[in-house]
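The values are calculated or read from the model by the stated rules, or taken from the named source; none is laboratory data. Model, not experiment: these values are computed from the prediction. Side chains are part of the model used for accessible areas, which takes the heavy atoms of the whole protein and leaves out ligands, DNA and RNA. Shrake-Rupley method; radii C 1.70, N 1.55, O 1.52, S 1.80 Å.
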Amino acid sequence: MPQVSIRHVTEYRYRTKVAFGEHRFMARPLESVDQRLIAFEVEVSPEPAFLRQMETASGALVSVAR
């Protein structure tokens with residue numbers, strides 16, 4: 001099976017300073033018969049006070065940062 005490396009960056013820029021609110025995001029691909037996840041990492045900057053990952057009933061991973 002071929003290996004693919006994917007790096008995704010989301011960056012927000014605002015004209016004035018903003019407070020860090022709660023963010024929910026789904027970035028991990030689902031595994032299947034023909035797709036296997038070797039590694040997955042989430043990095044948030046600035047570092048949030050809270051970062052948690054929850055798995056849904058369908059196997060999707062939801063990350064919550066605030």
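Hey, what did the chain get for relative contact order, percent, Cα under 8 Å, at least 6 apart?
37
Rounded to the nearest 10 Å², what accessible area does THR10 show when all protein chains are kept and the probe is 1.4 Å?
80
Where the accessible area of the chain is counted over protein heavy atoms with a 1.4 Å probe, how much of it, in %, is carbon and sulfur?
50
Students sometimes get this wrong: rank SER32, SER63 by accessible area, probe 1.4 Å, all chains present, largest first.
The most accessible residue leads, giving SER32, SER63.
Which order do ILE38, ILE6 take by accessible area at a 1.4 Å probe, largest first?
The ordering from most to least exposed comes out as ILE6, ILE38.
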